[in-house]
1. What is the number of the single condition among (1) out of contact with any Phe, Trp or Tyr (no Cβ under 9 Å at 6 or more places or on another chain); (2) of a type in the set (A, V, I, L, M, F, W, C); (3) farther than 21 Å from B:THR372 by Cβ; (4) in contact (Cβ under 8 Å) with a residue 60 or more places away in the chain that B:ILE245 does not meet?
2. Collect the residues in the range B:520-535 that are more than 7 Å from every other protein chain (Cβ to nearest Cβ) and either β-branched (Val, Ile, Thr) or touching a strand residue (DSSP E or B) at 6+ places or on another chain (Cβ under 7 Å) (or both), keeping them in residue-number order.
3. Give the range B:466-499 a look and list any residue that's within 8 Å of chain A (Cβ to nearest Cβ), out of contact with any helix residue (DSSP H, G or I) (no Cβ under 8 Å at 6 or more places or on another chain) and of a type in the set (S, T, N, Q), or say none.
4. Can you confirm whether the range B:182-190 contains a residue that is out of contact with any Cys (no Cβ under 7 Å at 6 or more places or on another chain), in a helix (DSSP H, G or I) and under 19 Å from B:LEU259 (Cβ atoms)?
5. Only residues in the range A:340-361 that are without any contact (Cβ under 8 Å) to a residue 40 or more places away in the chain count as the first member; pair them with residues that are surrounded by 12 or more Cβ atoms within 10 Å (Cβ to Cβ) and in a helix (DSSP H, G or I), Cβ under 6 angstrom, at least 6 apart or cross-chain, and list the lot.
6. Which one is farthest from the other protein chains (Cβ to nearest Cβ) among residues in the range A:240-254 that are within 30 Å of B:LYS452 (Cβ to Cβ) and in contact with a Lys or Arg (Cβ under 9 Å, 6 or more places away or on another chain)?
7. What number of residues in the range A:80-101 are facing chain B (nearest Cβ under 7 Å) and either closer than 30 Å to A:ARG354 by Cβ or surrounded by 19 or more Cβ atoms within 10 Å (Cβ to Cβ) (or both)?
Amino acid sequence: MSANIEDLKSELTTMVEAANDLDSLETVRVSALGKKGKITAQMKTLGKMDPEERKTKGAALNLLKDEIAALIATQEAALKKQALEQRLSTEKIDVSLPVRPKAKGKIHPISQTMEELNAIFASMGFTIAEGPDIEDDWHNFTALNFPPGHPAREMHDTFYLPDDPNEQGEAAKKLLRTHTSTVQIRAMQEQGVPIKIIVMGRTYRSDYDITHTPMFHQCEALYIDKNIHMGHLKGCVLDFTRAYFGIDDLPVQFRPSFFPFTEPSAEMDIGCSRKDGGLKIGAGDDWLEIGGCGMVHPNVIKNCGLDPDEYQGFALGFGIERMAMLKYGIPDLRTFFENDIRWLQHYGFDPLDRPNRATGS
Amino acid sequence: MKFTFSWLKEHLDTDASLTQITDKLTALGLELEGIEDPTEKFAPFKVAYVEKAEQHPDADRLRVCIVDTGSEKVQVVCGAPNARTGMKAIFAPAGAYVPGTDLLLKKGKIRGEESNGMLVSEREMGLSDEHDGIIDLPDDTAIGTPFTDIYGMNDPVIDIALTPDRADCAGVRGIARDLAAAGMGTLKPLTTPAVKGNGKSPINVHIKAKEQCPLFMGRLIKNIENKSSPTWMQNRLKAVGLRPISALVDITNYVSLDLCRPLHVYDADLLKGDITVRLSKSGEKFDALNDKSYTTDKGMTAITDESGLLGLGGIVGGVSTGCTDTTQNVFLECAYFDPYAIAKTGRALQIDSDARYRFERGVDPEFVFDATEIATQMILDICGGEASEVVQAGDVPDYETFIDFDPAYTKKLSGMDVPEDKQYEILKDLGFQLPNNNQVLCPSWRNDVHGKADLVEEVIRVIGYDSIEPVSVRSEHAVAHGGETPNITRSRLARTALAARGLSECVTWSFMSKNLAAHFGSNDNGLTITNPISSDWDQMRPSILPNLITAAATNADKGNGDTMLFEVGPVFKSAKTDGQNNIATGIRFGSQGNRHWSGAEANRINDIYDAKADAIAALEAAGAPTGNLQTAREASEYFHPGRSGVLKLGKNIIAQFGEIHPGVLDEMGIKSSVMGFEVFLDAIPQKKSKGPAKPLLQLSAFQPVNRDFAFIVDENVEVEAITRATIGAERNLISEVSVFDVYKGKGVDEGKKSIAINVMIQPVKQTLTDKEIEGICTKIIDAVSAKTGATLRG
């Protein structure tokens, strides 16, 4: 390599290395490789050379051009990195600032519990049935085998509405349903048998104290076919309470009781233990009543226009608030209806957290 | 229903322990409510000897006593005037709980003298009102004898909750019978004396209300002495919470509790002529033995004499013929009253008596005869005297119930395998008669047993429900199919959508005050509750809005002013079955939240477009085709007329939204503005099911074109008219219209506004030429001008 190429290389290398920002590096690039650059100027002299010299010098110049281009690229990368670091060092913000608020709504525990119950009973093959909150004496009492004047009617402190002037007798006597069992009657009349339904909804009794609210929610299941017996009832209660509370060995106990619309009737208890004022659901030394059940009274089946000698089955019912209180540790029934936003936010559920048997939630 | 363990043993021969008995009671359906053992409660109270009682040096009315408890001698300061040296009294040491005065005894000094306990009075022990002095026991009472032994209170009290069907167990004997059937011992025979009457009763009985009182037995007992009842009887009555009054009254109470057989006694000298049972007239008055006065309605079961109304049969007797300490001649009543009539009268006059409790459940009609003899004998034994012959009016009502019995049905209904012999045995033990193997005759005291299912219950409750083997209920398909109704589905989806938008779900009462309801569209008296708990809750709700507004205001009072609440639930427009609608309702109260460094959006005041967006979100989630929604101004009157609207599909209103009417809010005492919406979930058209598949997605390969337009229109023109006209101009190619500016003010004439929209034109078959795009733009401008009178802003 001739001396002047060496000199040129040395000169350009110094210039590249001296460029300490991208702008001056660009200037160096132009002065070396640009149209009027130093290497370009040398290239232009090749044409006047003899072939042998041109070949030698051309190769040397090309090599120099590549070397300088590589050198510039390296320098450019270094300068870019330096510039980025420079920029980043100035772009510091307070990462501790609170984020933009997004209001978060919650699902009420009653709705959540109803969806959970629906999921459980649906997996046993029950479908939902519905009926009106404003009922009449026949659907609420008589069809359910409450004899007129029977003290059992007084177990339900009923809210009454004015008589319907367009109806006669028991159909005219309007009231707020005291239990969801009215829907048993409507569903049996509409769907016939076999029938396998659950009913969930608002019920009303004239009572207001620490453990009673004038409005509350009930869930009940009805299963009528030709050979449904009390063992199925017990199995259904056992399976549903175990699924609901998520306790595989939760024991269930039946105690004889009385409801006009079932015979035999039972109260259903689940196992629990009580210690230091606390309550724990699960196999223990005590029992906790959760609801009532029994074999649907033959008179009820008859009142729905069906033959009790052919069809039989069970009904079970319980309070939804109570089930939610037991599962989620909510201490006071009345707070369900106070709609205190702090309570709703605390005991409510994320709208994306929907009950799902597959996930066990 | 309370009774004591020893009382039970009067009827039940048993070696069973108290726990075995109480466990079995619950298993039989006679649910144990509680056991109270007074020997535990009163354990510290024992007989002590007052060795010395001297005047307190510093208090006139106090005495300083040295008390010998048998184990030690302690000093006690006592205020009783009868405290004296050498007496036997009941001593309670420090640490004892004194029930009558609700006091926990502590050591202390009274006027400088040490006191280590208390010598107690009857009132302090909760026994009586006697507090003139401390309990003064006979000298020969042994020191250290438990208080409960002295007072015959060493008998555990069992309390059971009785279901309304079991009349027979409202008497101790009925409970004993159930326990005996369940293997807890043997039912002792009931001895029925036959009292020979001496002469006819001068007082006769006439029944003019046969339905309400089918049978009335009576008897005069002369020359009695109505002293105190015997101690054993008093102790039992006291143990179950009844105060002993006099022998006659105590006997009636005792027989009622013991044998479920309410009685009544009249002072015969106060009766005027014969007794007549008749239906009351409206407005008859009497003073009852419960210290209250009652006025009858027409048709109640009145016990009368020539003076008029004496009492209400089977419910409560009257003062005018009541027995007192001086009663010498008594007329005993043992009658059967109809449960329905009793319940009706008791409810109407709100009288809860022990007699009503039993008669309305249905006492044993056959037992009237024996009970008359048993009660007479008891009176003669305790009060002396001489009984007349029995006078009987009416007859035993027809009660015999024969039921076809099939032992196989027990298994079919209960799933429980009980051997036939065992079934017959259980029924016999419960008092059922078995004329043959296919039929049973119910006992006269079991008016709750009517059919074959009842017999199954009798058999299996005696065996025990624990023996029922659970059988799982399974879905018809291996994988269960869903079970929701369309209404439940829509509710669930709307609920989830609203919560996801930041609103929290409430559950509020289905009722509200009539006055408040009137402001929200209620005008139907058929929806007024006739017996409300309070006037705040006397009308079925016509809308959920007021409940949510009230809830938000209550939250604001507690310092949470910015709340967004919703509820999905029923509202009522009539009492008919179809008068109930399911409505998703929400409100936004205050602003979006607190001030925030990021800008003003964070604490922007909620406006009607937030409520409109909520409504649309709920509709969309619930399956409404929201792309076809039209807005109109037809919202209910409880919305601000200028700041509210409805969302319609065709003519069908499916939601409304807006600012709540300031006048209505003023009536409610709410100062801030409230945004609200109501989504009528029932009004959303049901999707025609075409299966789960969605329509095929067709994506254009061509670049969309965006064009902006600014129109000047009259300020009353609503933007939706412009956007609809725009879309209508070239329906196939315009894929989206958005409104990005609404302006009034400088540069726009008074009474006009400028609306700027962006239109996205999506070519379908080929890229559009400039000329074609120009053509579409002209069509848009022409269409908007034609529909709204708009001009393009220069």
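The values are calculated or read from the model by the stated rules, or taken from the named source; none is laboratory data. Given the structure is predicted, the values throughout are model-derived calculations rather than measurements. Backbone-built Cβ (ideal geometry, glycine too); neighbour counts: all protein chains shown.
1. (4)
2. Listed by number, the list holds a single entry, B:SER522.
3. Result: B:THR485, single match.
4. no
5. These pairs meet every condition: A:ILE341/B:ASN555; A:TRP343/A:THR335.
6. It comes out as A:VAL252.
7. 2
Conditions (1) modelled with pLDDT of 95 or more; (2) basic (Lys, Arg); (3) surrounded by 15 or more Cβ atoms within 10 Å (Cβ to Cβ), marked per residue:
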| site | (1), (2), (3) |
| --- | --- |
| B:LEU697 | no, no, no |
| B:ASN706 | yes, no, no |
| B:SER754 | yes, no, yes |
| B:LYS765 | no, yes, no |
| B:CYS777 | yes, no, yes |
| B:ASP782 | yes, no, no |
| B:ARG793 | no, yes, yes |
